[in-house]
Amino acid sequence: MIAYQFSARVLPEDKWPALSASFRDLTLEHSLTYARAAARRIGADVQFLMLTTPDGQPVAAACLRIKHVPGLRRGIAWLAAGPLVQHVDRPDPDAATLRAVLAALRTYAQESGHILRLRFPATPWHDVALLDQLARSEAFLPTDRSPTYRTVVVDCTQDEDTLMRALHGKWRNPLRNALKAGLDLDIVPIAQAADRFHPMYTEVQAAKGFRPDIPPEFYYGLEGADFAHEVLFARKDGADIAAMTLGRAGSNAVYLFGATLDTGRRLNAGHYLMWHSMLRCRDLGLKYFDLGGIDPEANPSVTRYKLRTGGTELRAAGPYEFRPAGASSALISIAETIHARLKKLRS
């Protein structure tokens, strides 16, 4: 394996959108708009890293949310859906390059004193077994302190006929019924449609009793050039009967929230919106559409529904954790455990 050595340096916030846009594996979690809001939500700081070759060329990028332990000046740095490694001006990185990226992140963590946790984006390009091996070789160990991520991803570069043929028969038939039901499609930015979407969402949420970790209200006010969030409404006789929201960054999109009223369920409006979301991503020139995660044990019916779209089931590599040498790592872990217990007591 060829040996590479990369350096990590902190990048000013205003330089981040241009750098992150130069990576094909950019997702909304690495957009400046989302990252700032996500960090603010948990009382964390956001920090942007550019990893470069010895001659200063960017080879990877990482957006960190850092939660400091009071009085310690160190804490936990969380790297979600990263690092970004598929630079538009470079071929996809080989194993030696990926290992060097992890080594540079390890050096950053050792020098900063932060416990570093990361989970790669879920993309068909990644070889999860290889990343597991490379992470271990650079002292990143598996951790249960951050969630795993399994999902289904649709390749939106395919034409409409190919997408239709890929659908499972038990998914295609309800879709065909929905396409014959005289439904209308309305696509609106979330900032202009929250008052339409939210009552539908809360009605369905009350009926089903689910509670997402991050509620839709978090997204309503997010606006930025590097992040888009829109709602697809299915309408019948002038009334909204179902809605689905998409988040977009770079060449990737993700399903965020959905709500289907009783009338919509009878007309298979959920299938109608999922299908039109695939076509919307294709028409916008996006590459991948992440269907928003699956949990076969906790929610087998939703898992089955998403798997039947013809997408690829994926597991994101990680989460992994690197703990710097020294006493501070133990102190950070103790503080995290105490915080988690107090949070559980309050909930």
Sites Asp213 and Ser7, calculated FRET efficiency, Cβ-Cβ separation with R0 41 Å, nearest 0.05: 0.75
For the chain, cysteines whose Cβ has no other cysteine Cβ within reach (under 4.7 Å): Cys63
q = 0.09, 0.14 Å⁻¹: log10 I(q)/I(0) that the Debye formula gives for segment 104-243, counting C-alpha atoms only: -0.51, -1.05
Rounded tilt (10° steps) of 128-137 against the dominant C-alpha axis of the chain: 20
Anisotropy class of segment 202-251 from Cα gyration tensor, a/c 1.5 cut: oblate
Loop sites in segment 291-323: GluC sites (Glu not before Pro), DSSP, at most 12 other Cβ within 10 Å: Glu297
Backbone HN-Hα couplings from phi across segment 109-125 [Karplus 6.51/-1.76/1.60, Hz, Gly and Pro as x]: 5, 5, 6, 7, x, 7, 6, 10, 10, 8, 9, 5, x, 7, 9, x, 6
Where the chain is the region considered: accessible area per residue in Å², 1.4 Å probe: 48
Pairs of lysine residues in the chain - Cα separation under 18 Å, sequence separation of 8 or more or cross-chain: 5
Longest segment of the chain lacking chymotrypsin sites (Phe, Trp or Tyr not before Pro) that sit in a DSSP loop with at most 16 other Cβ atoms within 10 Å: 211-347
Relative contact order of the chain, pairs being alpha-carbon contacts under 8 Å that are 6 or more residues apart, as %: 23
Once the Cα gyration tensor of segment 267-347 is diagonalised, semi-axes √(5λ) in Å: 39, 18, 12
Alpha-carbon radius of gyration plus Dmax, which is the widest Cα pair, for segment 19-123 in Å: 13.6, 44
Restricting segment 56-98 to trypsin sites (Lys or Arg not before Pro) in coil, as DSSP defines it, with at most 12 other Cβ within 10 Å: Arg73
Share antiparallel - DSSP beta bridges, segment 186-314, percent rounded to 5: 90
Viscosity 1.306 mPa s, temperature 10 °C, Stokes-Einstein D of the chain from Kirkwood C-alpha radius, µm²/s: 74
Folded to 0 to 90 degrees: helix 327-346 orientation relative to the chain principal axis, Cα: 30
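The values are calculated or read from the model by the stated rules, or taken from the named source; none is laboratory data. Predicted, not measured: the structure shown is a model, and the values here were computed from it. Cβ atoms come from the backbone with ideal geometry, glycine included; neighbour counts cover every protein chain shown. In case anyone asks, the SASA skips ligands and DNA or RNA and just uses the protein heavy atoms, side chains included. Shrake-Rupley method; radii C 1.70, N 1.55, O 1.52, S 1.80 Å.
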